[in-house]
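The block underneath contains the structure these notes are about, expressed in structure tokens.
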Amino acid sequence: MHGVDGLEGKNLVKLTWEQFQEWQRWGEFSEKSDNPPMTVDMSFVYRDKAYHLDMINHVFAILTDEWQPIETDVNFLKLVTKPIEKWDGRTFCELIEEMWFVD
């Protein structure tokens, strides 16, 4: 699949929660299991809108394509497992299989 909005022309792939954890290399940081690092910032598409996982102002963030935060947290694991109001109270983790990630 190819991207939408600002991701036009990008190759997009599906990920499971387990594949996401492998992509982030969380297995290499077992001592940080309560707050694993974000080793790869990424862009993804959900409901035909582009988003980004990145850091802003020293906190982890899910950002719109215009780089506006929809959720932030100092703990990366908490960010990807907390309910997101804009996504009907569902979490990144719950929705991951409905998202497309830039490869």
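Protection proxy ranking of 79-87, 15-23, by the mean of other Cβ atoms within 10 Å over each peptide's residues and highest first, is 79-87, 15-23.
Database remark: amide H of I56 closer than 5 angstrom to the amide H of A61 (H placed geometrically; neighbours at sequence offset of 5 or more, or on other chains; Pro and chain starts carry no H). Electrostatic tally near T81: other residues with Cβ closer than 12 Å to its Cβ, Lys and Arg +1, Asp and Glu -1, net -1. If the segment from T16 to R90 were pulled out straight at 0.36 nm per residue, it would be longer than the present Cα-Cα gap by 25.1 nm.
Over the stretch 1-96, with every protein chain in place, what whole percent of the accessible area is carbon and sulfur at 1.4 Å, could you tell me?
Answer for the stretch 1-96 is 47 percent, counting heavy atoms of protein chains only.
The 3J(HN,Hα) values that the Karplus relation (6.51, -1.76, 1.60; θ = phi - 60°) gives for the stretch 65-81 are, in residue order, 5, 8, 6, 9, x, 9, 6, 9, 6, 6, 10, 4, 4, 5, 4, 7, 10 Hz. Gly and Pro appear as x. For K14, the lysines whose Cα comes closer than 23 Å to its Cα, not counting residues fewer than 8 places off in the same chain, are K49, K78, K82, K86.
With θ taken as phi - 60° and the Karplus curve 6.51 cos²θ - 1.76 cosθ + 1.60 applied, the whole-hertz 3J(HN,Hα) list for the stretch 94-103 is 5, 8, 3, 6, 9, 9, 10, 10, 5, 7 Hz, x standing for glycine and proline.
Here, the chain yields an orientationally averaged convex hull projection of 6.1 nm² when only Cα atoms define the hull. Local charge for I70 was computed over the other residues whose Cβ lies under 14 Å away, with Lys and Arg +1 and Asp and Glu -1, and equals -2.
The values are calculated or read from the model by the stated rules, or taken from the named source; none is laboratory data. Remember, predicted model here, so these are calculated numbers, not experimental data. Here Cβ is always computed from backbone atoms with ideal geometry, including for glycine, and neighbour counts include all displayed protein chains. Surface accessibility is based on the protein's heavy atoms, side chains included, excluding ligands, DNA and RNA. Shrake-Rupley method; radii C 1.70, N 1.55, O 1.52, S 1.80 Å.
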